[in-house]
1. For region 1-40, give me the residue count where each residue is part of a helix (DSSP H, G or I) and under 22 Å from the mean Cα position of the chain (by Cα).
2. Cβ-Cβ below 8 Å, separation at least six or inter-chain, first residue in region 1-13 and modelled with pLDDT of 80 or more, second exposed (fewer than 10 other Cβ atoms within 10 Å of the Cβ) and not in a loop (DSSP other than H, G, I, E, B): which pairs?
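The values are calculated or read from the model by the stated rules, or taken from the named source; none is laboratory data. Predicted model, so just to flag it, every value in this text is computed and none were measured. All Cβ positions, glycine included, derive from the backbone under ideal geometry; neighbour counts span all protein chains shown.
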């Protein structure tokens, strides 16, 4: 059974654009954050363990 698509309203389009902008701003801010040394250490240990498993 095919799903019927209803037309997107102008308001929904504006809301979608606003959400996209907000997500973009948040992602940019997250990328600027410094990664804690402990998190990097854990990532290296995980990478090493996965390499040994292969």
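1. Number of matching residues: 25.
2. Short answer, once both residue conditions are applied: none.
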